[in-house]
Amino acid sequence: MSNMSLFLRSLYEGSSLQKRPIRKVLICAFLFLSLMTVKSQSLPSVVEGVVTDEAGVPLIGVTVQAENSKEATTTDISGKFRIKLNPENNLLKFSSIGYLPQNIKVTTSPFTIVLKEDTKLLDEVVVVGYGTQKKKDLTGAISVVNTETVKKQVTPDIGIALQGLATGVHVTSSGEPGTVAEINVRGIGSMSNVSPLYVIDGVIMQGSQREFSMNDVESVQVLKDAAAAALYGARGANGVILITTKKGKEGKMNIDFNASYGISNISKRLEMMNSLEFLHTQRQAYENADLQWPGEPAQGQVLINTDWQDAFFKTGTTQDYNLSISGGSKNSNYLFSFNYYDQDGVVIGPSHQRFNLRSNTEARKGIFTVGENFTLGRSISVPLIGSPFVDLALMPPIIPVRNPDNPEEYGYGNSSYPTYGSNPIGLQETRDYNQYNNRVLGNGFFQVEPIKGLQIKTNLGIEYFNYFDRYKTTYKQIRYLTVEKYETSLQENNGDQLSWIWENTMFYQKSINKHSFDALLGYTAQKTTSRGNTAIGYNIATPGLWVLDQTTVDKTVSGSDGAYAMTSILGRVNYNYNDRYLAQINIRRDGSSRFGANNRFATFPSASVGWRISQESFMKKINWIDDLKLRASYGTLGDQQAVGNYAYATYIYTSEGAIFGSGDQTYYPGKIQKGRANPNLKWEEKTVFNLGLDFSLINQKIYGSIEYFDAKLNNLLITKDLPWISGTDVSPITNYGKMNNKGIEFQLGYRERKKDFKYDVSLNISSVRNKVLNLANDNIYYSGINGVSATEVGRSIGEFYVLRTDGIFQNQDEVNNYKATIVDPETGTTTTKLIQPNAQPGDIRYKDLDGDGSITNGDREFIGSPLPKFEGGLNFSCEYKGFDFNLFFYGVYGNLIYNNVKVNLESMNGTTNYPKNLKYWNGEGTSNTTPRPYIGQTDNTIAYSDRWIEHGDYLRLKNFQLGYSLPTKMLNKTNLLERCRIYLTGQNLFTLTGYSGFDPEISGGSVFAKGYDDGHFPPVRSFTCGLQVTF
Amino acid sequence: MKNIKLLIVVLGLVAFVSCDDMLNLTNPNQQDTSNFWKTEQDLIDGLNAAYRPLRFNGEYRRWLHILYISRSDEGYSTSPNPTFQSYSNFKTINNDGAEAVLYTWLDLYKGIFWANQVLDNAPNAPLKDNDLREKIIGQAYFLRGIGYFNIAGVYGRGPISLTSYVEDNPTIFEQTDIYLQAQKDFEEARKRLPAYWPDEKDLGRVTKGSALGMLVKVSAQLHEWSKVISYSDSIFSLKNSAGQPLYELVADYRDNFTETNENNSESLFEVQFMSGPVNGVTQLSHERAKFLGLPANGCSYDDGTASNIVKTDLELERTIDGKVDPRLKNTLFYYDPNNLSELFYGKTWLQWENDPNSSVKRAKVYWKKYTNYDTRTTEDHENNGINIRVVRLADIYLMYAEALNELGRTSESYQYIDKVRRRVNLPDLENSTVFTGIGNDPAKMREQIIHERSCELAGESWRWLDLERWGFFDSADKIAWLTNRDSEFANFVIGKSNRFPIPYREVNLVKGLKQNPGYE
């Protein structure tokens, strides 16, 4: 024995870190010999051995445990260990981060065990529509999201966590608790804010709130092209986000407990003027307008100096607790989990609380398999009221937050200091709004495999959701001159939605020699029914009793029902020749109740092919290429999300009526047709060509992919503006829209392991170019705040279209010299004309781009898009001994933002506060950017100029995490814990940007009017510490 | 075993049987238009809805008053909202941010579309009571006429559609033709409408008198003076159930602007408003007082202010007993040193002056008509239920006098002017010590009528159309005169400012619809 071990040691000492094939042979031979001799030898109670990787390099720090025993140890620097066996079973467990764990029944000593690297990359199984595929066999465009990085984000919404982690997936969100992210897969794919489809364990979700715990997520895939999303085609045209939840694993029961606690705040303040500076500026504004300034403080008056941001912002907290119990046997598995999440916002008011319970089980017997995945969720949200992020900046500092002189305690200005702002603190404090949501989401399935390779499955998915909102309002005056009519009001909203989807599929798989194929045939039917009602009453009789029964006046109720249904037949065939040539064909026929009988059904085919070049014999010699695959797909998908349930008919409205009668007149309800409809609505179509190259090089150290796509979006549902002379301002929906999205996605990663130091760097970059090809009305469509966005055929959707400023008139001569020469087309006579005759020194000069001698709409020009030209994520993670570390950067480049808060602050026309150190014009040469303050309207207040447009590029350290796992050796002593990790996470720690508002990440707005910062809730900065233990 | 497996396969296939019937869903919330206009109740309901646009923001709930009052020399704006100011000071630009530009156009054409639905469907509806049908049609004609009348008055240009179907390329008409269409509609209404509604619960529906009143107004705008005479005569000859003249001036001038004396004997056409909301229905009230009124806390935004010239006009003459014209106190809020205890919304003038939440200024005068200053302490957007008297008899008298004068029958004008003057205790015009030497000079009488209308109808949304009828907008001299009274007229551009711009979007969307001159 000892000779043998000496022999081994000498072998290693001589070869250390190099690959030597001969060494492998020797080890194998040795193992073989050992096995041959084991029968004749009795096993000692203490065994020893060596752990190596597949290259034969000894592994340090591998945990070795004896089954059902307290005995445990770790390997030393030469990979050696020595441990006492449990004599009952002789089992040893080997585990190490980055390697697949192994259980070995020891039959000899000493022995060598080879741990395999846990490199899922190539053999990784990817969830696709109605089934799974090996990643190497994929031919469509699918982003597999790194679930580990997803889970390092501290957020209740998985959408928010996806930002920057998958190519082609554009995510924006706000910092308001309980809100969900806005996601566009491969650009704006519709003309009506359609989001991608979420499919959870095969259930197509209807609601937007995704009430389930991030802790339960096993994998996330994003299906991006027609081929990949084909089986969800009826709703998949804007991408599909497939989420699979964790299942129990074979083995003993695992109890996992995670807890985290975090604090958060708003990382940026807008520096505003103090009262003295504000009053100084205000006085000038009045003087410039030849008005008497009402704001002169009285002699000896102590100036109030409110910092509205200080008053409104606070430290938020986040708590997240998750307990999961899982396990399984050969024929069944189970997982139960409970999650509690609580977020208290970073400003006065909003919060979000959520409870989740999950049960995932599965059992098999013979040819039958049955299973379920269900989650119950309840959330309680307190929403943000009004637009406090505008009011904070707007409110003059001279106004106190609370003013005991006002009968209703809040400060809101007066005739000396008028303002249009509402007291943002008063607004939150007088509103006690709660939103309660309950949700059941899940599926049960039954599968038989009557013949080997043939699986028949029926799956019933259900999503039931109900909501109850209770809005208690105590009216107090919070805005200058706005006196409330009521004392209190109570509004309750109630409703529910039931969606079911029944899917029946047959799947057959067969391999004959080098040919293998599988086929899927399915029929699905789904229906969603919803109802909702609202009741409002005013002036509750007994203070504190907030029920509708206590309301006394002006009680109203309203409510409506809705339903829609879809049926689809779908089919898919995969063919694979020798793991080298891959092909897939999909076809589906969809019907939707949302279209009239004439256009109800449509058929959508797609196909894709793949060529694994690395499998070709001529490539075998190039051994630094592990895998190289070229793939292409082409196909069409349909969508119907943009159209309402019954939009193809015209209806009678009952809400308008007349007043007649003497004395106390009577209101007589009426009925009338208000809108005009289009009976020929049909499916939107999205035809996508996709070309992709996947590679994995140098022992899978370098990996990545390049992807190109070209999507043509036809028959897009878009509302057509009818002229108002038709007597309606309800724009009917039509299929006139047409767009094109082209893009490139690039992903590159490098990973390396050096002894117990392991790291992985990955970078992804996506770029999409949108081009509008057709609109419903003219070739141009105005939208957005102040009509600043314009969508023009031939350009990207919703570009900013504004006047160009050209500095400030410094003196009257400059005004007088700003002239245009106009030629009368009929007479040929020329006249010169002052372009801005009303301008005064200190006013903005605009460019007269159309040369007509005056500043009009015709002088506007396109200056860029609110959509980024590029966006990307950079992720770095490493592990060293028990430590793990992760850094995640996200950035966007090339987008513009319309800063509407700035419009409020720097129009210089009156009743708002101003940014600190604002250099406004105050005499010749004092400013060439900000005009003179002036109470009233001048051309300086024009809201559609480039003054309000800023670059929105930013680079953000979105996530930073440092974790430490306690050594197994230490844990074993406790005889309780199997794994224990503590971590510290920082989110949104810093943002590099030139943007002057709170934050350049802007969500919301219609697809035609993106990029408006209208006082949005900025993403918050947070620090979280957490604990993960496994029992 | 093999059979069982086969059975499973068969069962699996059965699951594929499609059930496309589940895709036939009907809207559970709303009635399809194809099932409507079938019953008497449908027609009544449709007509009720057709009355509603009168209460839209773009019409008599808000913007028409602001356009007709603040733009004229009666009013001006110091609103902190620059767009609002621009309605009054002729700086309105061709900009779709201007609500008044947008909603007045939209709401007037909505009203036309809704009235057209009734007009399209009423003749063919299976109705037994043909009399009821005619009355419904008459009301719908009137409501359509109001739409065209104001399109002509505000925009002076636009398409005319006489059915609820609209053409893609409608013909565009100019002001005169649109007035003529309104005139036709009011004629059709006049033929069908009763002189009065016998049932009290119908009070407020338009009547023959309403149609005749509007016919007087539209004919005057068209300078069809003999028509003004004949339509007015028809009004004077209408009788009530007791055989007495249907219309007579109310004794108290103030009864024309209060909630308690609505639909009175002087009123020909009144837009019905009530305090709300009622069962959740909002916009039953008007916002005139919220925008044109006393800038006391919670009362008016004072976006449009009365010109001091209105007070000057009303102070020119004393009543026969030497008092201030009672119309002054009923028309304006103003600082009255002789009556400091007077309460406005529960406080005295001085209290409001000293209230930091108010901007009541001694040097200014504010609109008082149609406010709740004596019954409430605030004005909100839903609580002003005072009916707006669009056409009243005093106006018809003055129109009659004007028509007589324009027809050269100046001497006959006096008696109709005097009817209006006597009600407020002013001396007859012949006996006036202030206004002398008019004689039978039509030019002098015209000036006198301008003054009389200014005093009697101040703040009643007619001044703008009066000025247009009198040709004030075409003459630099007259604009100079107006600028003297309201400095905002300094911005008035002849050939442009007499019209409001047509909404930008409409010019884009409607082929052949040209923007009004000067706003292109």
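Applying the condition of being part of a helix (DSSP H, G or I) and open to solvent by less than 30 Å² (accessible area, probe 1.4 Å) to the stretch A:280-292 and asking which residue is nearest to A:Lys919 (Cα to Cα) yields A:Thr281.
On the stretch given as the stretch B:230-249, residues that are crowded, with 20+ Cβ neighbours inside 10 Å and either part of a helix (DSSP H, G or I) or among the small types (Gly, Ala, Ser) (or both) total 3. What number of residues within the stretch A:249-279 satisfy the criterion of being of a type in the set (Phe, Trp, Tyr) and not in a strand (DSSP E or B)? Residues that pass the stated criteria total 1.
Residues checked against (1) touching a strand residue (DSSP E or B) at 6+ places or on another chain (Cβ under 9 Å); (2) of a type in the set (Lys, Arg); (3) not in a helix (DSSP H, G or I):
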| position | (1), (2), (3) |
| --- | --- |
| B:Ala394 | no, no, no |
| B:Tyr397 | no, no, no |
| B:Glu412 | no, no, no |
| B:Arg421 | no, yes, no |
| B:Asn425 | no, no, yes |
| B:Thr436 | no, no, yes |
| B:Met445 | no, no, no |
| B:Gln448 | no, no, no |
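Meeting the requirement of 3 or more residues that are in contact (Cβ under 8 Å) with a residue 24 or more places away in the chain, the strands (runs of 3 or more DSSP E) wholly within the stretch A:104-180 are A:111-114, A:125-128, A:142-145, A:169-172. Looking across A:Gly251, A:Gly202, one residue alone is open to solvent by 10 Å² or more (accessible area, probe 1.4 Å) and closer than 30 Å to A:Asn103 by Cα. It is A:Gly251. Within the stretch A:789-830, the residues that satisfy the criterion of being in a loop (DSSP other than H, G, I, E, B) and closer than 30 Å to A:Pro866 by Cβ are A:Val793, A:Gly794, A:Arg795, A:Ser796, A:Ile797, A:Gly798, A:Arg804.
Taken as a whole, the structure places A:Ala181 among residues that are within 25 Å of A:Val382 (Cα to Cα), surrounded by fewer than 24 Cβ atoms within 10 Å (Cβ to Cβ) and of a type in the set (A, V, I, L, M, F, W, C).
From the list A:Asp694, A:Asp664, the one residue that fits, being of a type in the set (Asp, Glu) and not in a strand (DSSP E or B), is A:Asp664. Scanning the stretch B:28-52 for residues that are among the basic types (Lys, Arg) and facing chain A (nearest Cβ under 7 Å) returns a single hit, B:Arg52. The set of residues in the stretch B:250-286 being within 13 Å of another protein chain (Cβ to nearest Cβ) and not in a loop (DSSP other than H, G, I, E, B) consists of B:Ser267, B:Glu270, B:Val271, B:Val278, B:Val281. Select from the stretch B:490-520 the residues that are of a type in the set (Gly, Ala, Ser) and within 13 Å of another protein chain (Cβ to nearest Cβ) and write down the one among them that is surrounded by the most Cβ atoms within 10 Å (Cβ to Cβ). It comes out as B:Gly518.
Scanning the stretch B:64-79 for residues that are in contact with a Ser or Thr (Cβ under 7 Å, 6 or more places away or on another chain) and more than 14 Å from chain A (Cβ to nearest Cβ) turns up B:Leu64, B:His65, B:Leu67, B:Tyr68, B:Ile69, B:Ser70, B:Arg71, B:Asp73, B:Glu74, B:Gly75. When restricted to residues that are of a type in the set (A, V, I, L, M) and in a strand (DSSP E or B), the stretch A:640-661 contains 3.
Confirm whether B:Tyr103 is at the interface with chain A (Cβ under 7 Å from one of its Cβ atoms) and modelled with pLDDT of 90 or more. Against the criterion (at the interface with chain A (Cβ under 7 Å from one of its Cβ atoms) and modelled with pLDDT of 90 or more), B:Tyr103 does not qualify. Taken over the stretch A:805-830, residues that are hydroxyl-bearing (Ser, Thr, Tyr) and surrounded by 15 or more Cβ atoms within 10 Å (Cβ to Cβ) amount to 2. For the stretch B:294-303, the count of residues that are more than 10 Å from chain A (Cβ to nearest Cβ), at pLDDT 95 or above, farther than 28 Å from B:Gln139 by Cα and crowded, with 21+ Cβ neighbours inside 10 Å is at least one. Residues of the stretch A:731-747 include at least one that is of a type in the set (Lys, Arg), open to solvent by 60 Å² or more (accessible area, probe 1.4 Å) and assigned to a strand (DSSP E or B). I want to confirm something. Restricting to the stretch A:639-693 and keeping residues that are over 30 Å from B:Asp255 (Cβ atoms), open to solvent by 30 Å² or more (accessible area, probe 1.4 Å) and β-branched (Val, Ile, Thr), which single residue is nearest to the other protein chains (Cβ to nearest Cβ)? Going through the qualifying residues, I end up with A:Thr650.
Restricting the stretch A:552-588 to residues that are facing chain B (nearest Cβ under 10 Å) and hydroxyl-bearing (Ser, Thr, Tyr), the residue that is nearest to A:Asn513 (Cα to Cα) is A:Ser568. Looking only at the stretch B:374-432, residues that are within 14 Å of another protein chain (Cβ to nearest Cβ) and either touching a Leu at 6+ places or on another chain (Cβ under 6 Å) or among the hydrophobic types (A, V, I, L, M, F, W, C) (or both) come to 2 in all. The set of residues in the stretch B:472-489 being open to solvent by less than 20 Å² (accessible area, probe 1.4 Å) and either under 30 Å from A:Lys720 (Cα atoms) or of a type outside the set (Asp, Glu) (or both) consists of B:Phe472, B:Phe473, B:Ile479, B:Leu482, B:Phe489.
Restricting the search to the stretch B:405-440, which residues are over 27 Å from the mean Cα position of the chain (by Cα), modelled with pLDDT of 95 or more and of a type in the set (Phe, Trp, Tyr)? Hit for the stretch B:405-440 is B:Tyr414, nothing else. The residue list B:Pro126, B:Pro82 contains one member that is open to solvent by 10 Å² or more (accessible area, probe 1.4 Å) and either more than 9 Å from chain A (Cβ to nearest Cβ) or in contact (Cβ under 8 Å) with a residue 12 or more places away in the chain (or both), which is B:Pro126. Of all residues in the stretch A:766-788, at least one satisfies being in a loop (DSSP other than H, G, I, E, B) and more than 23 Å from A:Asn714 (Cα to Cα).
Among residues of the stretch B:433-444 that are among the β-branched types (Val, Ile, Thr), those with a Cβ under 6 angstrom from a residue that is open to solvent by 90 Å² or more (accessible area, probe 1.4 Å), sequence gap 6+ or separate chain, pair up as B:Ile438/B:Lys444. Only a single item in (1) in contact (Cβ under 8 Å) with a residue 12 or more places away in the chain; (2) within 10 Å of another protein chain (Cβ to nearest Cβ); (3) over 35 Å from the mean Cα position of the chain (by Cα) is not met by A:Glu487, and it is number (2). Where strands (runs of 3 or more DSSP E) sit wholly within the stretch A:831-943, those with at least 3 residues that are surrounded by fewer than 18 Cβ atoms within 10 Å (Cβ to Cβ) occupy A:861-864, A:870-880, A:883-893.
The values are calculated or read from the model by the stated rules, or taken from the named source; none is laboratory data. Since the model is a prediction, treat every value here as computed from it, not as a measurement. Quick reminder, even Gly has a Cβ in these numbers, built from the backbone with ideal geometry, and neighbours come from all protein chains shown. Only protein heavy atoms, including side chains, enter the accessible area calculation; ligands, DNA and RNA are left aside. Shrake-Rupley method; radii C 1.70, N 1.55, O 1.52, S 1.80 Å.
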